[in-house]
Amino acid sequence: MDLNRSAQLFERAQAVLPGGVSRNTIFKSPHPTYVSHGKGCYVTDINGVKRIDFANNMASLIHGHAQPNVTQAIIEQVQKGTAFTLATELEIEFAELLCQRVPSFEKIRFVNSGTEAVMAMIKTARAFTQKSKIAKVEGAYHGSYDYAEVSQTASPATWGDEHQPHSVAVARGTPDNALNDVIVIPYNDVDKALHILNQHKETLAGILIDPISHRVGMIPATPEFIDALYQWSRDNQALLLFDEVITFRTSLAGAQAKYNVKPDLTAIGKMIGGGFPVGAFAGRSDVMQVLDPSQSPLLLPHSGTFSANPVTMVAGLTAMRLFDQPTVDKLNQLGDFARVQLTDTIKKVGIKACVTGAGSMFRLHFKAQAPQHYRHAYTNTLQTQATKYLLNYLFDNGIMMINTGSAMLSTPMGKKEINYLVEQVTSGLTLVKDQFPALKV
Ligand SMILES: Cc1ncc(COP(=O)(O)O)c(C=O)c1O
């Protein structure tokens with residue numbers, strides 16, 4: 001195999017794809033790496049290099065690649081047809097499984113991505129409450145809907161006073177109305193958040209929160225914070241909206257199982273598609289009724305050409321049946337093992353770093369202390385460069401991670417893969433310490 005094959009493909013790609021890529025996630029300097037195939041928790045690139053996959057297509061492959069039962073189910077469905085202008089029994093079966101697992105899911109609707117799920121959830125909240133604004137946590141990533149992405153990339157130059165964070169646009173040309181209709185609150189700070197919410201009592205349709213937001217630092221939301229948001233939403237005729245597109249993997253009923261209160265609506269996606277594009281939003285029957293086409297007037301008309309297509313449904317259903325309680329427990333224990341081992345190695349190497357996360361996910365930060373919110377988790381130039389250096393080192397030594405320094409475990413993994421990861425992180429951190437002396441403890 002020509003060693004420059006990826007470089008050659010990238011040259012071709014640049015002629016037809018902006019920046020040579022279809023999604024920024026895989027962009028890498030000097031060029032992306034092109035894949036040959038994946039099996040279980042391993043991926044082989046077109047040069048024949050095999051790596052352990054801790055990225056799992058951005059947390060979407062809970063069983064890794066080409067899981068045999070999922071693959072078989074997909075093949076059988078593909079032979080029967082992939083999409084119809086008719087309903088399927090599969091969508092009912094999958095809806096039943098998810099609604100049985102999660103107490104807050106009374107009704108569910110399937111869509112095609114996490115972005116679409118969050119967008120439709122917000123529109124449902126607006127249609128139900130007849131109010132237009134939403135509140136969201138500074139720095140949280142919820143996909144690319146104009147409203148959901150506000151302040152996702154806020155920086156020290158733009159984020160303003162922490163008591164009153166600015167609503168910062170991600171993309172040039174974002175309508176001012178979108179910015180005005182999104183209220184930004186700090187994470188896990190009850191007093192500051194309530195103070196801000198109280199200024200918008202009359203107009204807030206809902207509060208959107210990812211309970212272990214990846215970009216905010218991958219720190220679980222405190223029960224006090226969730227309780228306070230829930231109570232505020234009860235007192236002010238607003239809805240509590242959970243984004244569990246990633247965190248759904250942390251238990252059979254998602255991260256919400258850990259709290260005393262239930263969200264009114266939840267968006268999910270990623271792993272529930274069994275490797276196929278998916279999203280869904282679910283929650284209270286009375287709220288979801290705004291989508292019911294038999295109602296007149298219909299408050300929220302909602303469709304999608306490929307929503308609940310049978311290939312995604314059968315892949316997701318098969319994958320979620322395999323994701324049973326013993327499997328969740330085993331995977332979460334592996335997550336605990338990884339966090340303990342990595343924390344230990346950080347101490348031994350003597351570098352300003354830490355590990356956050358929960359369940360089967362973790363994130364490495366070049367911070368002496370675990371960040372408590374987005375402004376803490378925000379990386380300065382040194383920390384950004386150190387993260388890049390470490391991730392490149394790991395990539396060159398057989399490990400793929402997400403470019404924030406995060407990792408998502410999959411069920412084919414065991415201690416062998418974690419031990420290898422820890423070994424490589426140890427040598428990588430030792431090099432980082434030499435390259436970036438300011439990070440020495
Ligand atoms: C918490 C969260 N919400 C929403 C999304 C958007 O999902 P998708 O990429 O499927 O549109 C993501 C994707 O990373 C996510 O992490």
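The values are calculated or read from the model by the stated rules, or taken from the named source; none is laboratory data. For clarity, every value in this text was computed on a predicted model and none was experimentally measured. Using ideal geometry, Cβ is built from the backbone for each residue, glycine included, and neighbour counts are taken over all protein chains shown. To get the accessible areas, we keep the full protein, side chains included, count just its heavy atoms, and leave off ligands, DNA and RNA. Shrake-Rupley method; radii C 1.70, N 1.55, O 1.52, S 1.80 Å.
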inquiry  = Pick from Pro18, Pro165, Pro211 the residue whose mean-square fluctuation is largest in a GNM of the chain, springs joining Cα atoms under 10 Å.
reply    = Pro18
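What does the charge dipole of the chain about its Cα centre add up to, to the nearest 20 debye, if the Cβ of each Lys and Arg holds +1 and the Cβ of each Asp and Glu holds -1?
I would put it at about 960 debye.
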inquiry  = Using the Cα centre of region 68-322 as origin and beta-carbon charges of +1 (Lys, Arg) and -1 (Asp, Glu), tell me which of Gln256, Ala154, Gly273 is placed farthest towards the positive end of the dipole.
reply    = Gly273
key: Accessible surface of Arg339 - all protein chains present, 1.4 Å probe, nearest 10 Å²   = 30
query = Once phi is turned into ³J(HN,Hα) by the Karplus curve 6.51 cos²θ - 1.76 cosθ + 1.60 with θ = phi - 60°, what whole-Hz value does each residue of region 201-209 show in order, with x for glycine and proline?
reply = 3, 7, 10, 8, 7, x, 10, 9, 9
inquiry  = For a quick check: with amide H placed at 1.01 Å from N, whose amide H comes under 5 Å from Ala135's, ignoring anything fewer than 5 positions away on the same chain?
reply    = Ile183, Gly206, Ile207, Leu208
note = With x for Gly and Pro, the residue-by-residue ³J(HN,Hα) of region 248-263, computed from phi through the Karplus equation 6.51 cos²θ - 1.76 cosθ + 1.60 at θ = phi - 60° and given in whole Hz, is 4, 5, 6, 7, 4, 10, x, 5, 4, 4, 7, 9, 6, 10, 9, x
note = Bridge orientation stat for region 68-322 from DSSP, antiparallel percent rounded to 5, came to 40
For region 98-238: rounded, prolate or oblate by the Cα gyration tensor [a/c cutoff 1.5] = rounded
key: Cα gyration tensor, region 349-440 - rounded (a/c under 1.5), prolate or oblate   = oblate
query = Heavy-atom accessible area per residue, the chain, 1.4 Å probe: how many Å²?
reply = 44
task = Give the Rg/Rh ratio for region 68-322, taking Rg as the radius of gyration of the Cα atoms and Rh as the Kirkwood radius, to two decimals.
result = 0.98
remark   = Of the residues Leu317, Ala205, Gly19, the Cα lying farthest along the dipole of the chain towards its positive end, which is defined by charges on the beta carbon of Lys, Arg, Asp and Glu, belongs to Gly19
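Please report the antiparallel percentage of DSSP beta bridges with both residues in the chain, rounded to the nearest 5. Present the calculation step by step, with values, prior to reporting the outcome.
Numbers: 28 of 45 bridges.
Counting only bridges with both partners in the chain, antiparallel ones make up about 60 percent.
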note = Taking r as the C-beta separation of Val170 and Asn380 and R0 as 22 Å, the FRET efficiency to the nearest 0.05 is 0.60
task = Would you check the accessible area of Cys354, probe 1.4 Å, heavy atoms only, in square angstrom rounded to 10?
result = 20
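Can you give the extra length, in nm with one decimal, that the chain gains between Gln8 and Ile26 once fully stretched, where that is 0.36 nm per residue apart less the Cα-Cα distance?
Once the chain is fully extended between Gln8 and Ile26, it gains 4.9 nm.
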Environment charge at Gly357 (Cβ cut-off 10 Å; Lys +1, Arg +1, Asp -1, Glu -1) = +1
message = Is there a quick way to get the dipole size of region 68-322? I mean about its Cα centre, with the Cβ of Lys and Arg at +1 and of Asp and Glu at -1; what is the value in debye to the nearest 20?
response = 300
request  = Using a 1.4 angstrom probe on the protein heavy atoms only, line up Glu91, Glu96 by accessible area, largest first.
outcome  = Glu96, Glu91
ask   = Which residue, Thr82, Thr379, Thr318, has the most motion in a Gaussian network model of the chain that connects Cα atoms within less than 10 Å?
value = Thr82
ask   = Kirkwood-based Rg over Rh for the chain (C-alpha set), two decimals?
value = 0.96
inquiry  = Cut-off 10 angstrom, C-alpha nodes, Gaussian network model of the chain. Which of Ala73, Ala338, Ala135 fluctuates the most?
reply    = Ala73
task = Apply the Karplus parameterisation 6.51 cos²θ - 1.76 cosθ + 1.60, with θ equal to phi minus 60°, to every residue of region 62-75 and state each ³J(HN,Hα) to the nearest whole Hz, in sequence, with x for glycine and proline.
result = 5, 9, x, 9, 6, 4, x, 5, 5, 4, 4, 4, 5, 4
ask   = Taking a 1.4 Å probe, which of Tyr389, Tyr374 shows the most accessible area, and what order do the others take after it?
value = Tyr389, Tyr374
query = For labels at Ala83 and Asp336 in the simple 7 Å Cα→Cβ model, what's the distance in nm?
reply = 4.3
query = How many percent of the accessible area of the chain is carbon or sulfur, using a 1.4 Å probe?
reply = 53
task = At 0.36 nm per residue, minus the direct Cα-Cα distance, what do Glu106 and Thr426 gain on full extension? Give it in nm, one decimal, please.
result = 110.6 nm
note = The simple spin-label model distance between Ile75 and Asp324, using points 7 Å out along Cα→Cβ, in nm, is 2.4
request  = Search the structure for amide H atoms under 5 Å from the amide H of Val168, placed 1.01 Å from N in the peptide plane, and list their residues when 5 or more places away or on another chain.
outcome  = Ser151
query = Residue farthest toward the positive end of the dipole of region 68-322, with Cβ of Lys/Arg at +1 and Asp/Glu at -1: which of Asn180, Val287, His166?
reply = Val287
